[in-house]
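Peer 1: Here's a structure for you.
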Amino acid sequence: MTQMDYKYSLLGSVADDYRKRPLLLQVDDTPMNLFAVLEVKREPPQRWGALSGFRRIRIYSFLFGLAVMFFITASYILTGDKKGLLLTPSPYHFSVLVSPGPLTFNLSVVKDDAHIREVVRSIASKVELGSSRHLPDLKALVNSEPHLFSVIPRKFLTGIKNPCWYEEYSGNVSSDPYRTNLYAHYSKRFRTVFQHLRSTFREHLIHRDGKAYRMRCLPYFYIIGQPKCGTTDLYDRLRLHPDVKFTTFKEPHWWTRKRFGIIRLSEGFHDRYPVEDYLDLFDQAAYQIQGNLSANVSASPSQPNVIIGEASASTMWDNNAWVYFYDNTTEGEPPFLIQDFVHALQPHARFIVMLRDPVERLYSDYLYFGISNKSAEDFHEKVSESLQLFEGCLTEYTMRSCVYNTTVNNAMPVRLQVGLYIVYLMDWLSVVSREQLLVLRLEDHATNRKYTMHRVFDFLDLEPPTKEIEAEITESPASNTRRPADKNLGPMLPITKEILGDFYRPFNIKLAKVLRNDSFIWDNNSKLQKPPPPPFLSSTENH
């Protein structure tokens with residue numbers, strides 16, 4: 001049995017009170033990720049003579065737990081791993097998982113196709129999103145992230161399109177302003193980008209009354225999802241528009257991961273990235289808006305129509321960190337979602353969503369993130385296992401609870417939940433208006449880029465580009481396409497496609513109804529359709 005097949009790992013929130021909570025020890029050595037949980041409670045010391053046989057067993061269990069923990073620690077040190085025990089590994093890299101708690105529902109070990117079809121029918125019978133989520137008030141959000149709300153102002157500069165403001169710079173103007181930025185240490189490429197920012201930082205400071213000020217900006221729009229749905233291609237084309245700038249690199253994943261101290265899903269917690277580190281990523285674009293101050297003594301931005309975008313394909317769906325940082329007082333559902341914070345800070349921000357047939361999205365996701373032994377047969381096995389895990393969750397919890405269940409998401413070997421677009425969309429529409437969301441299909445974008453790009457330009461209130469720039473935007477080759485080695489694996493098995501189609505269909509039907517566009521059902525007759533004007537959702541739909 002290899003190290004990857006058998007691991008011990010601590011369960012529980014990082015904020016658990018050591019003295020009040022039991023220590024949970026998870027032993028995972030089965031392909032179904034079933035858990036044997038040893039609970040060790042800390043008792044005050046007592047004399048041996050006064051102990052009952054039951055308590056002796058508990059102390060023996062405690063000693064056994066200590067021995068196991070010693071073994072883990074020793075192995076961890078000897079391997080030289082300095083980055084922390086596994087927290088939430090990508091499902092394609094490891095068969096183990098470290099989660100906030102064990103799965104309490106029973107799972108069948110039967111994997112024949114007839115049984116899996118029964119599992120899918122069981123799930124389809126429960127596709128009811130239930131009542132509207134309880135929206136947190138502003139006070140609760142501020143109390144949860146007080147530093148975030150102390151840094152971002154409530155009002156932005158007038159006369160420019162993008163949300164920006166001037167912030168007093170209290171540091172030494174001759175020192176390195178990015179010395180503590182955690183993104184600057186992320187990779188060699190990022191270090192090169194920050195070196196350029198350092199070289200131009202001082203010339204963009206504004207000096208007034210003996211104080212120095214720097215322009216700070218947030219994005220005007222966000223490309224929020226979904227992964228393997230063409231977001232990289234959309235990002236690369238939008239960058240070619242002269243009035244659009246982006247962060248210094250694509251996908252900072254700050255809202256979903258970095259602000260919680262998660263760098264890679266296969267590692268433990270690191271230092272949490274403060275909001276200042278995130279804002280630094282917009283400095284280069286802010287300089288474009290600000291212009292050349294040496295020729296502009298009024299300090300008025302010289303490019304007021306320039307807008308900034310941020311493109312992290314995790315923003316729409318990834319709330320997996322919630323269980324480690326927020327109290328679980330909402331019956332298994334996150335009390336706060338990413339959009340609650342973004343909307344509270346930027347009530348007028350705009351969001352672009354690119355979607356794809358969720359069946360094909362899942363297979364592309366598997367091929368992209370899988371590291372070894374990929375095959376259509378292996379994908380079928382992982383789909384079958386994931387469906388059983390999801391259906392098992394639904395025996396005890398609501399649909400929304402299971403979609404946001406960090407334990408289930410980490411346990412599933414393929415990311416089924418990412419394709420449940422309607423769940424995420426309705427939660428976004430609970431806080432932002434329909435006019436702030438542009439939902440596109442990758443299939444339409446692939447067949448008529450000019451049409452989809454003009455929809456994006458209109459949505460962002462951008463001036464039409466010149467014919468030369470438009471040709472470059474619409475005719476350049478597609479970005480981030482499937483790798484040749486993955487193409488050689490061929491399509492998924494017909495039975496897998498059929499099962500996944502049955503699984504996603506009821507969710508897609510609800511999505512098409514909300515968007516008033518049947519092409520989002522992704523049946524065989526789906527064709528490019530010019531959608532009707534954005535619908536005005538009823539009060540029940542909007543909440």
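The values are calculated or read from the model by the stated rules, or taken from the named source; none is laboratory data. All values derive from a computational prediction rather than experimental measurement. Positions of Cβ are generated from backbone atoms using ideal geometry, with glycine treated the same way; all protein chains shown enter the neighbour counts. Quick note on the areas: whole protein, heavy atoms, side chains included, nothing else; ligands and nucleic acids left out. Shrake-Rupley method; radii C 1.70, N 1.55, O 1.52, S 1.80 Å.
Peer 1: Provide the per residue accessible area, probe 1.4 Å, for segment 163-315, rounded to a whole number of square angstrom.
Peer 2: 39
Peer 1: Quote the charge dipole size of segment 241-368 about the Cα centre in Debye, to the nearest 20; the model charges only the Cβ of Lys and Arg (+1) and of Asp and Glu (-1).
Peer 2: Values: 10 positive and 17 negative charges, 66 e Å.
That gives segment 241-368 a dipole magnitude of about 320 debye.
Peer 1: Determine the share of segment 362-440's accessible area contributed by carbon and sulfur atoms, expressed in whole percent, with a 1.4 angstrom probe.
Peer 2: The computed percentage sits at 48.
Peer 1: Counting only other residues whose beta carbon sits under 14 Å from that of residue 143, what net charge do I get with K and R as +1, D and E as -1?
Peer 2: -3
Peer 1: Considering Cα pairs under 8 angstrom that are at least six residues apart, work out the relative contact order of segment 121-204 and quote it in whole percent.
Peer 2: Dividing the mean separation by the residue count of segment 121-204 yields 14 percent.
Peer 1: Would segment 310-376 count as rounded, prolate or oblate if I go by the C-alpha gyration tensor, calling it rounded below 1.5 in a/c and otherwise prolate when a/b exceeds b/c, oblate otherwise?
Peer 2: oblate
Peer 1: Continuing with this model, one more query. Grab the other residues whose beta carbon is less than 12 angstrom from that of residue 180, score K and R as +1, D and E as -1, and report the net.
Peer 2: Working: positive: 179; negative: 176, 271, 276, 277, 280.
The answer is -4.
Peer 1: For segment 136-209, take every pair of Cα atoms, bin their distances at 5 Å starting from 0, and report each bin as a whole percent.
Peer 2: Reading upward from the zero bin: 3, 11, 15, 15, 20, 19, 10, 5, 1.
Peer 1: A further question follows. In the neighborhood of residue 413, defined by Cβ-to-Cβ distances under 11 Å, what is the net charge if each Lys or Arg adds +1 and each Asp or Glu adds -1?
Peer 2: Value of the local net charge: -1.
Peer 1: With contacts defined as alpha carbon pairs under 8 Å and 6 or more residues apart, what's the relative contact order of segment 265-385 in percent? Provide the component values of the computation, followed by the final result.
Peer 2: On the way: 41 pairs, mean separation 13.0, N = 121.
Result for segment 265-385 is 11 percent.
Peer 1: If you don't mind, there's one more thing I want to ask. Any idea of the accessible area per residue across segment 358-417, 1.4 Å probe, to the nearest Å²?
Peer 2: Dividing the accessible area of segment 358-417 by its residue count gives 26 Å².
Peer 1: When averaged across all projection directions, what area in nm² does the alpha-carbon convex hull of segment 187-232 cover?
Peer 2: In nm², the orientation-averaged hull projection of segment 187-232 is 5.4.
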